[in-house]
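Right, one structure below, let's go through it.
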Amino acid sequence: VCTTVIGSIESMVPMVLVNILGGLITTAVFAVLILVFDWRIGLIVIAGIALYMCAVSAMEKKSAAIAENTQKSQTALIEAVLETVQGMSVVKSFNLTGKGDKKLRDALEYNRRSNVEVADILTPYTALQEAVLQAASVCMMLAAVLLWIKGVMSLAAALTALVMSFLVFNQIKAFGMGVSMLRLAAAAIDRTEETEKMPRMDENGRALSPQK
(Lines give C-alpha, C1' and ligand atoms only; values in the text may rest on other atoms or scores of the structure.)
Protein backbone atom coordinates (compact mmCIF):
# COMPACT_ATOMS: atom_id res chain seq x y z
CA VAL A 1 0.00 0.00 0.00
CA CYS A 2 2.72 2.49 0.97
CA THR A 3 4.75 1.88 -2.18
CA THR A 4 2.29 1.14 -4.96
CA VAL A 5 -1.17 2.32 -4.02
CA ILE A 6 -0.28 5.67 -2.46
CA GLY A 7 2.14 6.39 -5.30
CA SER A 8 -0.56 5.75 -7.88
CA ILE A 9 -2.96 7.99 -5.95
CA GLU A 10 -0.43 10.84 -5.90
CA SER A 11 0.15 10.61 -9.64
CA MET A 12 -3.37 9.79 -10.77
CA VAL A 13 -5.85 11.78 -8.66
CA PRO A 14 -4.58 15.32 -9.45
CA MET A 15 -4.53 14.54 -13.16
CA VAL A 16 -8.03 13.03 -13.01
CA LEU A 17 -9.42 16.09 -11.24
CA VAL A 18 -7.75 18.53 -13.65
CA ASN A 19 -8.91 16.62 -16.73
CA ILE A 20 -12.50 16.20 -15.55
CA LEU A 21 -13.09 19.69 -14.14
CA GLY A 22 -11.07 21.47 -16.82
CA GLY A 23 -12.72 19.53 -19.62
CA LEU A 24 -16.23 20.12 -18.32
CA ILE A 25 -15.82 23.82 -17.60
CA THR A 26 -14.05 24.64 -20.87
CA THR A 27 -16.52 22.63 -22.95
CA ALA A 28 -19.50 24.24 -21.20
CA VAL A 29 -18.11 27.73 -21.88
CA PHE A 30 -17.49 26.87 -25.53
CA ALA A 31 -21.02 25.48 -25.92
CA VAL A 32 -22.63 28.59 -24.43
CA LEU A 33 -20.54 30.91 -26.61
CA ILE A 34 -21.39 28.96 -29.76
CA LEU A 35 -25.09 29.03 -28.86
CA VAL A 36 -24.86 32.80 -28.57
CA PHE A 37 -22.90 32.97 -31.82
CA ASP A 38 -25.38 30.81 -33.78
CA TRP A 39 -28.04 28.66 -32.16
CA ARG A 40 -28.14 26.16 -35.05
CA ILE A 41 -24.43 25.39 -34.81
CA GLY A 42 -24.78 25.40 -31.02
CA LEU A 43 -27.46 22.71 -31.12
CA ILE A 44 -25.10 20.48 -33.13
CA VAL A 45 -22.39 21.02 -30.50
CA ILE A 46 -24.77 20.18 -27.64
CA ALA A 47 -25.99 17.05 -29.45
CA GLY A 48 -22.39 15.91 -29.99
CA ILE A 49 -21.55 16.52 -26.33
CA ALA A 50 -24.65 14.57 -25.20
CA LEU A 51 -23.76 11.57 -27.38
CA TYR A 52 -20.16 11.73 -26.17
CA MET A 53 -21.34 11.73 -22.55
CA CYS A 54 -23.39 8.60 -23.22
CA ALA A 55 -20.32 6.85 -24.62
CA VAL A 56 -18.23 7.99 -21.63
CA SER A 57 -20.88 6.73 -19.20
CA ALA A 58 -20.86 3.31 -20.84
CA MET A 59 -17.06 3.18 -20.66
CA GLU A 60 -17.09 4.24 -17.00
CA LYS A 61 -19.39 1.34 -16.11
CA LYS A 62 -17.05 -1.10 -17.84
CA SER A 63 -13.97 0.35 -16.18
CA ALA A 64 -15.66 -0.04 -12.78
CA ALA A 65 -15.85 -3.80 -13.35
CA ILE A 66 -12.11 -4.17 -14.04
CA ALA A 67 -10.64 -1.50 -11.76
CA GLU A 68 -10.24 -3.78 -8.72
CA ASN A 69 -8.52 -6.53 -10.70
CA THR A 70 -6.18 -3.99 -12.30
CA GLN A 71 -5.23 -2.62 -8.89
CA LYS A 72 -4.59 -6.15 -7.56
CA SER A 73 -2.33 -7.00 -10.50
CA GLN A 74 -0.24 -3.86 -9.99
CA THR A 75 0.09 -4.53 -6.27
CA ALA A 76 1.05 -8.17 -6.83
CA LEU A 77 3.70 -7.14 -9.35
CA ILE A 78 5.29 -4.59 -7.01
CA GLU A 79 5.27 -7.07 -4.12
CA ALA A 80 6.98 -9.71 -6.25
CA VAL A 81 9.57 -7.25 -7.57
CA LEU A 82 10.42 -5.95 -4.08
CA GLU A 83 10.71 -9.48 -2.73
CA THR A 84 13.04 -10.44 -5.59
CA VAL A 85 15.20 -7.34 -5.19
CA GLN A 86 15.50 -7.81 -1.42
CA GLY A 87 16.59 -11.40 -1.94
CA MET A 88 19.07 -10.60 -4.69
CA SER A 89 22.06 -10.95 -2.38
CA VAL A 90 20.99 -14.49 -1.48
CA VAL A 91 20.50 -15.34 -5.15
CA LYS A 92 24.03 -14.14 -5.99
CA SER A 93 25.61 -15.82 -2.98
CA PHE A 94 24.19 -19.25 -3.77
CA ASN A 95 24.18 -18.90 -7.58
CA LEU A 96 20.40 -19.22 -7.81
CA THR A 97 19.95 -16.99 -10.86
CA GLY A 98 16.87 -18.10 -12.81
CA LYS A 99 15.68 -20.32 -9.97
CA GLY A 100 12.94 -19.62 -7.49
CA ASP A 101 11.52 -16.69 -9.42
CA LYS A 102 8.20 -18.33 -10.25
CA LYS A 103 6.30 -15.80 -8.13
CA LEU A 104 7.81 -12.90 -10.07
CA ARG A 105 7.07 -14.54 -13.41
CA ASP A 106 3.49 -15.27 -12.35
CA ALA A 107 3.06 -11.65 -11.22
CA LEU A 108 4.38 -10.37 -14.55
CA GLU A 109 2.02 -12.63 -16.45
CA TYR A 110 -0.92 -11.62 -14.23
CA ASN A 111 -0.17 -7.95 -14.81
CA ARG A 112 0.19 -8.51 -18.55
CA ARG A 113 -3.19 -10.25 -18.76
CA SER A 114 -4.78 -7.49 -16.71
CA ASN A 115 -3.40 -4.74 -18.96
CA VAL A 116 -4.48 -6.58 -22.10
CA GLU A 117 -7.95 -7.02 -20.63
CA VAL A 118 -8.20 -3.30 -19.90
CA ALA A 119 -7.12 -2.44 -23.45
CA ASP A 120 -9.53 -4.95 -25.02
CA ILE A 121 -12.48 -3.65 -22.99
CA LEU A 122 -11.87 0.10 -23.19
CA THR A 123 -10.52 0.46 -26.74
CA PRO A 124 -13.93 0.06 -28.47
CA TYR A 125 -15.41 2.75 -26.22
CA THR A 126 -12.49 5.07 -26.90
CA ALA A 127 -12.96 4.56 -30.65
CA LEU A 128 -16.69 5.24 -30.28
CA GLN A 129 -16.02 8.49 -28.41
CA GLU A 130 -13.58 9.65 -31.07
CA ALA A 131 -16.06 8.76 -33.82
CA VAL A 132 -18.84 10.75 -32.11
CA LEU A 133 -16.66 13.86 -31.81
CA GLN A 134 -15.41 13.60 -35.39
CA ALA A 135 -18.98 13.18 -36.66
CA ALA A 136 -20.11 16.22 -34.69
CA SER A 137 -17.24 18.28 -36.13
CA VAL A 138 -18.16 17.23 -39.67
CA CYS A 139 -21.80 18.12 -39.02
CA MET A 140 -20.72 21.58 -37.86
CA MET A 141 -18.75 22.09 -41.07
CA LEU A 142 -21.57 20.90 -43.29
CA ALA A 143 -24.12 23.03 -41.46
CA ALA A 144 -21.94 26.13 -41.75
CA VAL A 145 -21.42 25.58 -45.49
CA LEU A 146 -25.13 24.91 -46.14
CA LEU A 147 -26.20 27.97 -44.15
CA TRP A 148 -23.75 30.11 -46.11
CA ILE A 149 -24.96 28.70 -49.44
CA LYS A 150 -28.56 29.46 -48.49
CA GLY A 151 -27.55 32.99 -47.60
CA VAL A 152 -28.62 32.84 -43.95
CA MET A 153 -25.05 33.02 -42.64
CA SER A 154 -22.33 35.41 -43.66
CA LEU A 155 -19.03 34.19 -45.04
CA ALA A 156 -17.14 35.42 -41.97
CA ALA A 157 -19.53 33.59 -39.64
CA ALA A 158 -19.26 30.41 -41.72
CA LEU A 159 -15.46 30.52 -41.63
CA THR A 160 -15.59 31.10 -37.86
CA ALA A 161 -17.83 28.06 -37.45
CA LEU A 162 -15.39 25.98 -39.51
CA VAL A 163 -12.51 27.02 -37.27
CA MET A 164 -14.54 26.32 -34.11
CA SER A 165 -15.33 22.81 -35.33
CA PHE A 166 -11.62 21.97 -34.87
CA LEU A 167 -11.42 23.47 -31.37
CA VAL A 168 -14.69 23.01 -29.54
CA PHE A 169 -14.27 19.30 -28.69
CA ASN A 170 -10.58 19.33 -27.75
CA GLN A 171 -11.09 19.78 -24.01
CA ILE A 172 -13.89 17.26 -23.68
CA LYS A 173 -11.42 14.58 -24.78
CA ALA A 174 -9.47 15.32 -21.61
CA PHE A 175 -12.72 14.83 -19.69
CA GLY A 176 -13.15 11.37 -21.21
CA MET A 177 -9.56 10.48 -20.36
CA GLY A 178 -10.11 11.55 -16.75
CA VAL A 179 -13.29 9.51 -16.44
CA SER A 180 -11.53 6.40 -17.79
CA MET A 181 -8.99 6.71 -14.95
CA LEU A 182 -11.55 7.62 -12.29
CA ARG A 183 -12.39 4.06 -11.27
CA LEU A 184 -8.72 3.11 -11.02
CA ALA A 185 -8.15 6.06 -8.70
CA ALA A 186 -11.21 5.12 -6.64
CA ALA A 187 -9.99 1.54 -6.30
CA ALA A 188 -6.59 2.79 -5.11
CA ILE A 189 -8.24 5.07 -2.53
CA ASP A 190 -10.45 2.21 -1.28
CA ARG A 191 -7.38 0.02 -0.90
CA THR A 192 -5.66 2.72 1.15
CA GLU A 193 -8.69 3.18 3.40
CA GLU A 194 -8.56 -0.53 4.26
CA THR A 195 -5.46 0.17 6.34
CA GLU A 196 -7.58 2.28 8.71
CA LYS A 197 -9.55 -0.83 9.63
CA MET A 198 -6.46 -2.60 10.93
CA PRO A 199 -6.35 -3.02 14.75
CA ARG A 200 -4.31 -0.40 16.53
CA MET A 201 -1.05 -1.42 18.15
CA ASP A 202 -1.04 -1.41 21.95
CA GLU A 203 1.05 1.69 22.64
CA ASN A 204 0.90 1.53 26.45
CA GLY A 205 1.76 -2.12 26.84
CA ARG A 206 0.62 -4.43 29.56
CA ALA A 207 2.27 -6.95 31.81
CA LEU A 208 1.96 -10.51 30.55
CA SER A 209 2.76 -13.57 32.57
CA PRO A 210 3.35 -17.01 31.08
CA GLN A 211 0.47 -19.42 31.47
CA LYS A 212 1.12 -22.55 33.47
Query raised in the report: Among the numbered criteria (1) open to solvent by less than 80 Å² (accessible area, probe 1.4 Å); (2) in contact with a helix residue (DSSP H, G or I) (Cβ under 8 Å, 6 or more places away or on another chain), which single criterion is violated by K103?
Result: (1)
Report task. Specify the residue that is farthest from L142 (Cα to Cα); the eligible residues are those in the range 34-70 that are of a type outside the set (A, V, I, L, M, F, W, C) and loosely packed, with under 14 Cβ neighbours inside 10 Å. Result -> K61
Requested in this report: With the condition kept exactly as written, say whether any residue in the range 179-199 is outside any helix (DSSP H, G or I) and either more than 30 Å from S57 (Cα to Cα) or modelled with pLDDT of 70 or more (or both).
Outcome: yes
Query raised in the report: Mind checking which residues of the range 119-129 are open to solvent by less than 70 Å² (accessible area, probe 1.4 Å) and either within 14 Å of K61 (Cβ to Cβ) or of a type in the set (S, T, N, Q) (or both)?
Result: I121, L122, Y125, Q129
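The values are calculated or read from the model by the stated rules, or taken from the named source; none is laboratory data. Everything numeric in this text was worked out from a predicted model, so none of it was measured. Positions of Cβ are backbone-derived with ideal geometry, glycine not excepted, and every protein chain shown enters the neighbour counts. These area figures cover heavy atoms from the full protein model, side chains too; ligands, DNA and RNA do not enter into them. Shrake-Rupley method; radii C 1.70, N 1.55, O 1.52, S 1.80 Å.
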